Each structure stands twice: as structure tokens, then as C-alpha cells.
Amino acid sequence: MGTSEERLQLPGSANAAEPTLADQWRWFTRAATLVAILTSPVFFLLLYKRQGWELGWALLATVAAVLLFRGFIDVVSRKVIPWPSLFGADGRLKEEDIVARRRAWYWRKKIRRLCYLAVILGGLGAFVWFYHRESGDPISFWASLQTIWETPWGMRSDLLTLALQLPLFFLINLLIFMGPLLFFSIRQIQGYEPGDADWGVRLGDVRGQAEAKEEISRVISLWQSGEEFERLGGKRERGLLFLGSPGTGKTMMAKAIATGFNCPFVTIPGSGFAQTFIGLDALVVRWMAWRAKKLAAKWGGQCIVFIDEIDAVGMRRASLGRGMVAQEERLPASIHDVCFFGPNGALTPTGDLIVETAAWRERMFAMRQPDPRRVYPPLIERLSNGLKRAAMMGGGMFGGGSGQQGLQQLLVVMDGVDNPPLMRKFWTNRINTFLDATYVVPIRVGKMRLRLPAPRPAKEQIYFIGACNVPIEQLDPALTRPGRMGRHIWFRTPDKDDRKDILDLYINKVAHDPDLDTPKRREELARVTNGYSPAMIEQVCSMALTAAHHQGRPRFVWEDIVEAMTTVESGMAVNVEYIPELARAIAIHEAGHAAAGHVYKSDVLSTRLSIRKRGDSLGHHQAMQTKERFFHQWRSEEAAGLIWTLGAMAAEHVFYGETSTGVGGDLFSATYQAAHMVGSTGMGPAHVDLTGRFDDEEAEERARERIMRRFESIGSQLMNRSSSVGSAMSPNPIGAVLGDPQKRVMVSQLLGQAFMTAYWLIEQNRDAVERIADRLVERREMFGDEVVDMLEEAHFKVPTVDLLDERSWPNL
């Protein structure tokens, strides 16, 4: 994708010719100014010599005429020639475009007011002239105008006072009653005209969302310059809906659009529509639409409205009536739906196993979503909620606070943008009805029509952009249908390639060691920052520079950024020196995880191995999927996850002959994983192949049953018994699986097979695991390629086990 400075073009569009059109506009306006200046002496002489004006008044009138002529040319020419689309153009063209639009708006407003004033004065003058003529005292038309102006001021002031008293009285009472509530709500509506604010965000600064940027660029280009597209039969999208987890760049993308799109921008949070009284939320929506239309009329007919957290107003109306969103019960789609612990989303309660998958990232980003903030103090909030509940039960003036009326009014506003102006439609209807009722005025004479033409829809176009973190199924279908917010843009959580793109942006903004610019280091950084949002990556770069600056170094190095990463993730590492025996035991535990994951989880790559205490975790092994699967896993891959989880327990058995309390979290996670495999995805234990070992089929079958019972016995000892038991329709499907005797046997056999595999992997690679543990005790924490290289150098051997040999079965 290109940066914001590159020209965004659609195939077959005229965008490439827009800068040329802008240059032609510049020469055209200069020519109009030259003509006005060259003809001004003639106009001055006409006033000064022929009309006898004084010198000063003649000069002033000549200047006013030149300016009026120049403004009139701008207004007329802008009506017949389309505005050039300068989305993504350079700063010079955009600045000139802002000036041209401001001038056109100014003179259009002045000329319209002059026309209104001329019509009013002309009508009054005609009335006075006709009155004097009927009275036998005829005067000229200009004298009748002078008579109107010389009307006593007292009479004019009395009429003005009478005309303002009633509306002013009503307005004051309304403001006293509802003014404070409306004031704080309307204050949340922020309008920005081009040049008012610079967020410092360009389209090129939004990284890791290449598909979303491309889709948005198509829509935005048509928003500002889509006349040819519509002439060919197309219809421009009315709204965009940004969907995605918190921190994926939705608001940043909106700021980039506001910066790059040369039109006004109105923002409001979704919570701004929630009001205490019924109807106030609808007033807020109408105020927002009115302000957007005014800005659109001023700036060439277009305005963008951005509603952040639109789910606060756009939830399903059936759900709003109950005060909550209906939640559909469903089976867990991945292991992360049931095993997600701590701030890093570990698979185990002890926080020592972390694997990055697409499902893990979705849960991680959703977990970071802040809770809704309270608008009122607790006492007032409880009182308001009580009044709302009473009103909902027995009727009243207190709304549900969920924007029900606001949602309905928002839908009306989205549909009503193309409606003709209300007053123009009213007067057209009344005048044409009156002419029809006279019977003497024909509809047309020849080719001339004697009726006012039907009013056309207003040219002001309001485009809506909404952003939300909830699934689209929870939004009202009327809001997300085509014609409203029908174009849905998904912002995914950043994967490795996306994080590499984000790192290229933020690292280059701060002073760093040149070694971090190599492709190898950037690839390594992208791997170890799994689960990071763009904001977290920016913070890590800043903290790394802070650490380097504190030590008197002008730029940060690899060690600074990895230390900053661990601080951002889990807080400051606890500076605890383990006793040698404990340090070695923890290292053996984590080395068992690393070895089992490296050998059997071919779809993941280790990114971190640590025995530094952070929070409740004494150490952890972290990995990431090399290829995104999106909830699609083969049975062999799920079984490998069990082996990885039980690798630490197997290592403790091999090296110490017993296990520590640290394996409790592993057993908890392994039990859930095995139950998930059996109950949710139909994955049972592996078939034991004894082909060729027996001449008698019955003897082979008895041996297979005996082996499966041995697996079941081991698995039953490993199984975590804390999982609750429920029925087949229980909201806890894992508990329901463990409550079924037949399925519980299958879970036990799965756990037994996984532990046996992990045990013999550690046993037959004991020296390699010990070297890894020794290295970990020495280094305490390793990242990226250092971990991968160490595991590759171990040259693990896949174990071969004779299940018929009694010596192969460990004693638990």
C-alpha cells in the first residue's frame, strides 16, 4: 500500500486528471480577477463623471463592485464546473482548494442574503408605491423605498420585540429544564473544518491493515469524486462500519481519513446518545445531523460523521428493551475460550504456557477493552437507574439510557440525507396547489411550464463511519444493511507480518542501534512481540530509548527493547534470586515444555523461554503459530498441544522421580484440552497399532485393551478433578464431557497417551534437556532466535517405545 502522499486512484477513474483540473481552476480565477480589475476604471468613471458621485464613495463602490463581481464569478462557475478531487494530493493544492472553497462559501452566502433583502425590500416598496398611487399621491419606486427606511424606529422596535417575545420565552424555559443535559451531550459533538486540526496521522501511518486501507481508499475516493461513477450507474456507499478488537487501529484510521480527506469532519462517541429523558437522544442526533449539513454546505457539499463505539447506540432494539444484549450459548470454538489466564492469556493458571494463534489474539485484544465509564456519581446513577426501571415498567418520561430513540432517529437521518429541503418542498407544494385551485392558470403555455419545479434533494452529502468492538450480530440489522452502514471493514489483530510493518514505522522514529535495522532482527522482533497492539509497540520503543538514555547511551539496543517488552507485558520483573535448587527445578520444568513443543508442535515457533518471576509466574515458555489456522486444527496438532502441556511434568518425573505443585496448572489446562477434543471436536485417543506382533487376533485385541487401560490409569491420575459436572445441555460443555463415563474414559486415555509420549521424549533426550536447563539458569531469559537456535542445536530424537514392554510404563 502506498502512503498518504501517494495518489490513490481507482481503475478507470479521472483521478489522475484532478491536479490538472485544479491548475486550470487557478488560472481561470486569476483571469476573472484580471478582467474585474481592467474594467474597474470604466465603472469608476461612470459613477464619478456620469452619476456625479463623490470621489470617496465612487472609489468605495468600485472596490465593492469588483469584489462582488469576483465572488459572483466564483459562485456561478462552481455551480457548472465540478470541484476537483484532491484526496491524497500535495499540501499546496490542498491549501489552495481550502481557500477556494472558503471564498465560494462566503460569497454564496452574501449573494443569497442580498437576493433575500432585495426581494423583501422590493415587495415592501411595491406595496408602498401601489398604496400612494391609489391614494392620489403617486411617487416613484425609489421614493417608496426611502419611505420604508424612514419609518419611525419606535414602531420597528415594537414589532421586533413582539416577534421575538414568544419564541424567546419558550426557548428560555426549554433551556432551563433540559439545557444542562443537552449542553453536556452536545459538547461531545466535535466539528472540524479543513485546516482546524492536524492529528499528525496519515494513511501511511496506519500499519498492519493493508486490506482495510485498500478497501477504505476505494470508498473514500468515490465519496469526494464519484460523479462519473454515478453517471455510469454506480451508487456511492453511504456509510462504513469498522469492526475489530480494541487497539487494532479503527480510531487511528478515522483520524487518517479526516487528515487526508479535504472536507469537514464531525465526531461523537456512541455514549453521547445515552440520555436520561426520552427524546433527548433523538435531539442529539438531529443536532449532529444539522451541524454536519451546515458544514457540508459550507465546504462543497460533503461531510464525514464518525461515531466511535457505535454499539452504545446501535444495539439490536429487541435487546435494548431488555436492558442487555441477548447472548447466544455456543460451544467453545478453541481452547482459548476455556483456557485463558492472566494478562498474557496463558493456557495454564500458573501462566507458564503461551501460544499465539488467531483465536488467542482475538481474546487478548478483547480483554484489553476498557469497562464503560460511569457518567454520573454512584448515588445519582442508582437513582437514575431506579427511575428508568420504574418508567419502563409503568411508563413515564425516563428512557432506558440506551439510545433507543437515538437509534431510530439515526436511521431516519441516514435515510433522510437525500430528501429535498423541508421549507422548499413546503412552499413548492403550497404555491403549485394554489395555482391549480385557481382553474385559470394553465399548467404550461407552449413549452413554458407555469409551475414551480419539484425540489431536488439537497446536494449536501453526509457520510457515516462507525466503529465498534462487538460482533456485528449484536448490532441492529437496520443499521448495518446496505444503504446505511452497509460496507463493513474488518480490522484484524496484527499477526507477525503486520507487526513487522508496525515496527518499521515506530522504530524508525526513535534512535536505535543499526543492528535492529537488519531483516533478521526485524523478523525476530515481529515474532517475540506476539499479541502486541500498535500502541504497545510504540510504547515499547519509547521505553527502550528511556532505558538507554538513563544509562547515558544515545540509542537503544536489542537488550533494551526486550527488557521494555517484558515490563510492558507483566510489569517490572521481580528481582528475586532463586536458591540454586529451585532455579534448576524451574529451568527443568520450562525446558520440558520447550523440548516437547519443539519436537511435536511443528506448526509453532518458540519465541521466549524464561525463569524470571513476573506476577505469579516463576517462568514461562512462549511460542507462536507459524501459519494462521483460524480455528482449524488437525487432531495430530491438538494432540501435540497436550504433549507440550505435559512436557514439564514429564521432565520433573524423569529428573526428580516426582512432581512439584507447579504442574497443577498444566494438569488443569491439559484436562480442559482433552475434554475439548473429545466433547467438542470428536477427537478420541490414538489407535494403538500392534500389527504383526501377534499371530492370534484375539491376543492382539486383548493386548490393545490392556494398553488402553494402562493409558486410562495414567490419565485418571493426571486428570484435574476440579472441573464441574453438568448435563449434556449444560452451559459448561467441558463439565458435561467429564460427567459422561464413556467420554471421561476417552479423556483419560488421551491424557495417558500424551504423558507417555512426553515422558519418553525427555527420557531419551535427557542430556539435551539438561543442557537447555543449564543454559536457562545461566541466562535466566532468552528471546527469539536465541531460543530457536538452542533448541535446534539440541538435535532431539523422536522416542520409540515398546508398549508391550512393562519397563516402558512409568510409575506415577
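The values are calculated or read from the model by the stated rules, or taken from the named source; none is laboratory data. From a predicted model like this one, the values you see are computed outputs, not experimental measurements. FYI the Cβ positions are ideal-geometry reconstructions off the backbone, even for glycines, and counts take in every protein chain you see. Note: accessible area is taken over every heavy atom of the protein model, side chains too, but ligands, DNA and RNA are not part of it. Shrake-Rupley method; radii C 1.70, N 1.55, O 1.52, S 1.80 Å.
General observations
- From G195, G208, residue being among the small types (G, A, S) and surrounded by 14 or more Cβ atoms within 10 Å (Cβ to Cβ): G208
- Within the stretch 460-507, restricting attention to residues that are open to solvent by less than 30 Å² (accessible area, probe 1.4 Å), aromatic (F, W, Y) and in contact with a Gly (Cβ under 7 Å, 6 or more places away or on another chain), the residue that is farthest from A547 (Cα to Cα) is Y463.
- Any hit, the stretch 495-505, residues being aliphatic (A, V, I, L, M) and under 30 Å from K298 (Cα atoms): no
- Whether a residue is over 22 Å from E228 (Cβ atoms), modelled with pLDDT under 70, under 51 Å from the mean Cα position of the chain (by Cα) and not small (G, A, S) was assessed, and R7 does not pass this test.
Results for (1) under 19 Å from G314 (Cα atoms); (2) at pLDDT 85 or above; (3) open to solvent by 20 Å² or more (accessible area, probe 1.4 Å), shown as yes or no for each residue.
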| position | (1), (2), (3) |
| --- | --- |
| F242 | yes, yes, no |
| M253 | no, yes, no |
| A258 | no, no, no |
| N262 | no, no, no |
| I268 | yes, yes, no |
| Q275 | yes, no, no |
| L280 | yes, no, no |
| V284 | yes, no, no |
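- When V769, V788 are screened for being of a type in the set (V, I, T), farther than 29 Å from V678 by Cα and within 41 Å of the chain's Cα centre (by Cα), only V788 passes.
- Pairs linking a residue in the stretch 57-71 that is hydrophobic (A, V, I, L, M, F, W, C) to a residue that is surrounded by 15 or more Cβ atoms within 10 Å (Cβ to Cβ), with Cβ atoms under 6 Å and 6 or more positions apart or on different chains, are A58/F44; A58/L47; A58/Y48; A61/L47; A65/F43; V66/A36; V66/S40; F69/A36.
- Selected residue (criterion: nearest to M565 (Cα to Cα)) from residues of the stretch 508-529 that are open to solvent by less than 60 Å² (accessible area, probe 1.4 Å) and not in a helix (DSSP H, G or I): T529
- Among (1) within 16 Å of G619 (Cβ to Cβ); (2) open to solvent by 20 Å² or more (accessible area, probe 1.4 Å); (3) in contact (Cβ under 8 Å) with a residue 24 or more places away in the chain, the one test that T645 misses: (2)
- Where G247 falls short, out of the listed (1) open to solvent by less than 10 Å² (accessible area, probe 1.4 Å); (2) outside any helix (DSSP H, G or I); (3) of a type outside the set (S, T, Y): (1)
- Within this structure, H687 fails the test of being outside any helix (DSSP H, G or I), under 29 Å from D785 (Cβ atoms) and open to solvent by 30 Å² or more (accessible area, probe 1.4 Å).
- Candidates R709, R771: the one that is over 30 Å from R584 (Cα atoms), open to solvent by 50 Å² or more (accessible area, probe 1.4 Å) and modelled with pLDDT of 85 or more is R709.
- For the stretch 401-445, filtering for residues that are β-branched (V, I, T), surrounded by 12 or more Cβ atoms within 10 Å (Cβ to Cβ) and at pLDDT below 75 leaves 2.
- The selection criterion, being hydrophobic (A, V, I, L, M, F, W, C), closer than 27 Å to T671 by Cβ and open to solvent by 50 Å² or more (accessible area, probe 1.4 Å), does not hold for V747.
- One residue alone among S245, S217, S271 is among the small types (G, A, S) and either out of contact with any Phe, Trp or Tyr (no Cβ under 9 Å at 6 or more places or on another chain) or under 23 Å from K459 (Cβ atoms) (or both), and that residue is S271.
Each row is one residue, and each column tells you yes or no for (1) at pLDDT below 80; (2) surrounded by fewer than 15 Cβ atoms within 10 Å (Cβ to Cβ); (3) more than 30 Å from F340 (Cβ to Cβ).
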site: H676; (1), (2), (3): no, no, no
site: F694; (1), (2), (3): yes, no, yes
site: A703; (1), (2), (3): no, no, yes
site: S724; (1), (2), (3): yes, yes, no
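- Within the stretch 535-560, the set of residues being under 27 Å from E356 (Cβ atoms), open to solvent by 20 Å² or more (accessible area, probe 1.4 Å) and not hydroxyl-bearing (S, T, Y) comprises A535, M536, E538, Q539, M543, L545, A547, V557, W558, E559.
- Any pair with Cβ under 7 angstrom, 6 or more apart, that starts in the stretch 85-108 at a residue that is at positive phi and surrounded by 17 or more Cβ atoms within 10 Å (Cβ to Cβ) and ends at one that is at pLDDT 70 or above and assigned to a helix (DSSP H, G or I): G88/G260
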